[in-house]
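To start, the structure under review is shown below, and the notes come after it.
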Amino acid sequence: MELSFGNGALLLLLVGAVVAMATRRLKLPYSVGLVVVGMALALLPMAPKISFTKEIIFNLLLPPLIFEAAFYLRWDQLRRELPVILTLASAGVVLSGATVAVGMHYLAGWEWPSALVFGCLIAATDPVSVIATFSEAKVHGRLRLLIETESLFNDGTAAVAFGLALLFATGHPLTAVGLASSIIITVGGALLCGALVSGLALFLTRRTEDHLVELTFTTVAAYGSFLLAEQFHFSGVLATIVAGLIIGNRGPLGVLSDHGREAVEAFWEYAAFAANSLVFLLIGMHETSQQFAAVWLPILVASVFVIIGRAVAVYPICLLFSRSDLRVTARHQHALLWGGLRGALALALALGLPAGMARREEIITVSFAVVAFSIFVQGLTMPPLLRLIGELPAYHNREARTTAHKTK
């Protein structure tokens, strides 16, 4: 008997809750446990049949994760680090994507169009994987701020680069004017969508003290900003980041009632947990359907060059700030390198490739393999690396973050 989407999602949430309990007892990364269990589920005859598509990732699972992360970012802390974050999220993505494309062209034998498309979609670090890993490792302070916010902001650059690479791969000419206008329109449009939707939500919120209505307005802001931006081919992630930042920083200043703020924080904490559970379980369930052996060489090249590309992005950019107050220490640079995880965002872009594109299935398979490497190898070794470089896992969980937020 095949389960419907609703029943299947409900079953996966139950599995996610059990996995959360088990991984906490075993002291294993939650995301790794979810992927392993997802792979095991896929082998069962009664496994829920839920399609893993770009639409499900973008329209259902990504907005709550992005909004919840941005909601807790404090603007006064973020503003100081913006030069480093924006440089990593722009020039860093370009350098990383170009490095991967070169490796795929010369060592894996891919044509330039396919290599560039893959390089762009895999260049951005995934906010879902990054935030989940650093939350579980209980890392806080400047390192967490840098790596989480970079993973949030670099989607805008990756979306523009991916769109341009896709145009090139499908035979459309590219010009300098077209490149500049695409960047301005994609980023500017996303900022405008996020500001408009969140501004409207706050305007309406001021006129009620009903916590359920307040919660509804934040939900509309999270999904509305994302969907509105995507409708006009802007960056949905960037729009939702803006919405989360505005509501998270303005909401406590007399806009949200005390009861409303408590309800909003509790709801988005759960929404992020539920979306995380579904994302990683679905990744695991669809890893088993990939034919990795048939493309072992591109997988090997991609896995190596994704790390090389990240190093090419992190170390030179951090060197630019080495003589300023924004200097990034060597140990933080190593953590930025190894903590640049890939995940659902890369898979969503790969699954959204047009049906007739050359090497489409190969790109999807290699993307799944790189994500698996990222989750299992980098995800499992991240806590030992943090201990090795002296980033002690001081007690820092969502409750502590919420408490600090309430006292501001």
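Rolling a 1.4 angstrom probe over the protein heavy atoms with all chains in place gives the stretch 290-395 an accessible area of 44 Å² per residue. Treating r as the C-beta distance of SER324 and SER303 and R0 as 45 Å, the FRET efficiency rounds to 0.85.
Placing R0 at 30 angstrom, the Cβ-Cβ distance between VAL220 and TYR106 gives a FRET efficiency of 0.05 after rounding to 0.05.
When a/c is below 1.5 the answer is rounded, else prolate if a/b is larger than b/c, else oblate, so apply that to the stretch 39-128 with a ≥ b ≥ c taken from the square roots of the Cα gyration tensor eigenvalues. Here the stretch 39-128 falls in the oblate category.
Put a dot 7 Å past the Cα of MET46, heading toward its Cβ, do the same for THR175, and the two dots end up 6.2 nm apart. Annotation for the stretch 64-92 versus the stretch 1-61: alpha-carbon center distance of 29 Å.
Note the full-extension length gain between TYR315 and ARG360 as 0.36 nm times their separation in residues minus their Cα-Cα distance, in nm to one decimal.
Working: separation 45, 0.36 × 45 = 16.20 nm, distance 3.20 nm.
Full extension from TYR315 to ARG360 adds 13.0 nm.
On a full-extension model of 0.36 nm per residue, what is the gain between ALA91 and ARG24, subtracting their alpha-carbon distance, rounded to one decimal in nm?
Details: separation 67, 0.36 × 67 = 24.12 nm, distance 3.75 nm.
Working it through step by step, the gained length comes to 20.4 nm.
Build a GNM of the chain with springs between Cα atoms under 10 Å apart, and of GLY236, GLY379, GLY356 the one that fluctuates most is GLY356. The alpha carbon centroids of the stretch 98-144 and the stretch 168-201 are separated by 21 Å.
With a ≥ b ≥ c taken as the square roots of the eigenvalues of the C-alpha gyration tensor of the stretch 1-152, please select rounded if a/c is under 1.5 and otherwise prolate if a/b is larger than b/c or oblate if it is not?
Numbers: a/c = 2.06, a/b = 1.25, b/c = 1.65.
Note, shape of the stretch 1-152 comes out oblate.
Its DSSP H runs of at least 4 residues, each contributing -39,500 (n - 2.57), put the calculated 222 nm mean residue ellipticity of the chain at -24500 deg cm²/dmol, to the nearest 500. Applying 1/(1 + (r/R0)^6) with R0 = 25 Å to the Cβ-Cβ distance of HIS233 and LEU204 gives a FRET efficiency near 0.35. Membrane-span-like helices in the chain, defined purely by DSSP H runs whose alpha carbon atoms cover 24 Å or more axially and whose average Kyte-Doolittle hydropathy reaches 1.6, are 176-205, 296-320. The trypsin sites (Lys or Arg not before Pro) found in the stretch 41-94 that occupy coil by DSSP, while having at most 14 further C-beta atoms within 10 Å, are LYS49, ARG74.
At 0.36 nm per residue, and after removing the present C-alpha to C-alpha distance, how many nm does the segment from LEU10 to PHE376 gain when stretched out fully? The partial results should precede the final answer.
Values: separation 366, 0.36 × 366 = 131.76 nm, distance 2.56 nm.
Full-extension gain reported as 129.2 nm.
A DSSP coil position with no more than 15 other Cβ atoms inside 10 Å describes the following chymotrypsin sites (Phe, Trp or Tyr not before Pro) in the stretch 177-241: PHE232.
At the residue level, HIS259 shows approximately 100 square angstrom of accessible surface with a 1.4 angstrom probe and all protein chains present. Of the whole protein surface, ILE147 contributes about 0 Å² of accessible area at a 1.4 Å probe radius.
Calculate what fraction, in whole %, of the accessible area of the chain sits on carbon and sulfur atoms when a 1.4 Å probe is rolled over the protein chains. Working shown, then result.
Details: 11890 of 17500 Å².
Answer for the chain: carbon and sulfur cover 68 percent of the accessible area.
Note on the chain: along the principal axes its Cα atoms extend 60, 56, 45 Å, ordered by decreasing extent.
Remark: the stretch 79-196 carries 36 Å² of accessible area per residue (probe radius 1.4 Å; ligands, DNA and RNA excluded).
The values are calculated or read from the model by the stated rules, or taken from the named source; none is laboratory data. Keep in mind that what you see is a predicted model, and the values were worked out from it rather than measured. We place every Cβ from the backbone using ideal geometry, glycine too, and count neighbours over all the protein chains shown. The protein model used for the area step is the full one, side chains on, heavy atoms only, and it has no ligands, DNA or RNA in it. Shrake-Rupley method; radii C 1.70, N 1.55, O 1.52, S 1.80 Å.
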